[in-house]
Amino acid sequence: MTGVLAELLRRRLLLVTGKGGTGKTSVAAALGRLAADAGVKTLVVELGHAPVLPDLLIAQRPRASGNPRRDPLPAGPNLFTLHLIPEEALLEYLELQLRVRMLARGIVGNAGFRRFLEAAPGWRELITLGKLWHMVTREDAHGQPLWPLIVIDAPATGHGLSLLSTPTVILDTVRLGPLRRNTDLVQALLTDASRTLVLTVTLLEELPVNETLELRARVRELGLGLGPVIANGLEPPLALADAERVLEVVASLDSADVPSPLADPPTVCASARHRLLRARMHAGFLTRLERETEAAPLVLPWLEQGVDGPDGVAALALCLHRALEQRDRESRS
Ligand SMILES: Nc1ncnc2c1ncn2[C@@H]1O[C@H](COP(=O)(O)OP(=O)(O)OP(=O)(O)O)[C@@H](O)[C@H]1O
Ligand SMILES: [Mg+2]
């Protein structure tokens, strides 16, 4: 494997973020699928309240084995998914530290401890990053990484940035002790662009594009490496060689001659013009993204069948693969 895909898959942590609703989860799932198909054992981690990745990645769920709140679910050859729940990760951490499960459960279940936690802003982000660090550094019996690649369906812009900035805030305020030492390790992983990259997903519209550019600037300020912009949902081209001339001919047809109201010439012309306009708008935002980030985005088309299960994810993964190959061809020419 060579080129941009190989460059991406050499990393240990790929964080997929962007404005809400732009396709972060779909892209994280597709990237996981693509990496796994390329032979890299991949874990796709989601951080939201209710898990959606099992439905996106797994056609037939195996009967649960292990702890469903803690253990990654197999999603096909080389592919696993995990819903990272901070409360569960905290419990796991305390068990590891205290070595007594009942004691850890007692502490986490204690109302006073929970009140103390809720008063400590950022504990969820901290424990989430700690757990990710732990998974990146875990090794198998042969001393190889247990999870060579972790793709994270990270929260949207605001929450995503507070997750990524948590170590900076702590390092600015805590000078000594175990919290400082652990945060140093997490920050070293996040800010090492040979191990961690942030990928930003956007739609080709005004607000998401503006937000993407601001998000990338903030990520850079935090010292993290940025991967390419992923421009999702491109309007597929109208398969017409000379659209304007075809539309003129359609417009001149007599409504009385067409077989269905949906084929009514003004309706056909209006919907075709709408698509042409959207395609023009998308092309404009692509140019702007390329100019302002000094790199062409990876472009994914809008898929009519949607991305609501393994077939849709496989189709999006194929589009992502083609976009990466296109990038390789461009950089060779
Ligand atoms: N390229 C695409 N073609 C067709 N449908 C898509 C595409 N990308 C995403 N979708 C659909 O758009 C919707 C939003 O996508 P998704 O859930 O991945 O976005 P998100 O950024 O994770 O949203 P949220 O911020 O709510 O987590 C979903 O219904 C998804 O199936
Ligand atoms: Mg999502």
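Just so you know, all these numbers are worked out from the coordinates, no wet-lab data involved. Predicted model, so just to flag it, every value in this text is computed and none were measured. Cβ: placed from backbone, ideal geometry, glycine included. Neighbour counts: every protein chain shown.
Among the numbered criteria (1) closer than 30 Å to LEU161 by Cβ; (2) surrounded by 13 or more Cβ atoms within 10 Å (Cβ to Cβ), which single criterion is violated by ARG291?
The number of the failed condition is (2).
Of the residues THR196, THR168, THR128, which is touching a Gly at 6+ places or on another chain (Cβ under 7 Å) and touching a residue at least 12 places away in the same chain (Cβ under 8 Å)?
Values: THR168 fails: touching a Gly at 6+ places or on another chain (Cβ under 7 Å); THR128 fails: touching a Gly at 6+ places or on another chain (Cβ under 7 Å).
Just one listed residue meets the conditions, THR196.
Just a yes or no: is a residue in segment 182-194 within 18 Å of the chain's Cα centre (by Cα) and either over 23 Å from LEU9 (Cα atoms) or within 16 Å of ligand 1 (Cβ to nearest atom) (or both)?
no
Given the criteria under 25 Å from GLY227 (Cβ atoms) and surrounded by fewer than 16 Cβ atoms within 10 Å (Cβ to Cβ), does PRO121 qualify?
On the way: under 25 Å from GLY227 (Cβ atoms): no; surrounded by fewer than 16 Cβ atoms within 10 Å (Cβ to Cβ): yes.
No; evaluated as a whole, the condition is false for this residue.
Does segment 44-67 include one or more residues that are closer than 21 Å to SER194 by Cα, more than 9 Å from ligand 1 (Cβ to nearest atom) and of a type in the set (Gly, Ala, Ser)? Show your work before the answer.
The initial filter retains those residues of segment 44-67 that are closer than 21 Å to SER194 by Cα, namely 44-45.
Subsequent filtering for residues that are more than 9 Å from ligand 1 (Cβ to nearest atom) retains 44-45.
If we keep only those that are of a type in the set (Gly, Ala, Ser) too, we end up with none.
Within segment 44-67 (the criterion being closer than 21 Å to SER194 by Cα, more than 9 Å from ligand 1 (Cβ to nearest atom) and of a type in the set (Gly, Ala, Ser)), the answer is no, since none of the residues qualifies.
If you scan segment 76-98, which residues turn out to be in contact with a helix residue (DSSP H, G or I) (Cβ under 7 Å, 6 or more places away or on another chain), more than 16 Å from ligand 1 (Cβ to nearest atom) and over 27 Å from ASN110 (Cβ atoms)?
The answer is GLY76, PRO77, ASN78, LEU79.
Among the residues of segment 50-75, which ones are within 11 Å of ligand 2 (Cβ to nearest atom) and within 21 Å of GLU87 (Cα to Cα)?
Taking segment 50-75 first, the residues within 11 Å of ligand 2 (Cβ to nearest atom) are 50-53, 56.
Answer for segment 50-75, where residues must be within 11 Å of ligand 2 (Cβ to nearest atom) and within 21 Å of GLU87 (Cα to Cα): ALA50, PRO51, VAL52, LEU53.
Hey, does segment 20-29 have a residue that's within 25 Å of GLY130 (Cβ to Cβ), more than 9 Å from ligand 1 (Cβ to nearest atom) and touching a residue at least 12 places away in the same chain (Cβ under 8 Å)?
Within segment 20-29, none of the residues are within 25 Å of GLY130 (Cβ to Cβ), more than 9 Å from ligand 1 (Cβ to nearest atom) and touching a residue at least 12 places away in the same chain (Cβ under 8 Å).
Mind listing whichever residues of segment 16-37 are buried (at least 23 other Cβ atoms within 10 Å of the Cβ) and more than 13 Å from ligand 2 (Cβ to nearest atom)?
First pass over segment 16-37, keeping only residues buried (at least 23 other Cβ atoms within 10 Å of the Cβ): 16-19, 22-24, 26-36.
Within segment 16-37, LEU31, GLY32, ARG33, LEU34, ALA35, ALA36 meet the criteria.
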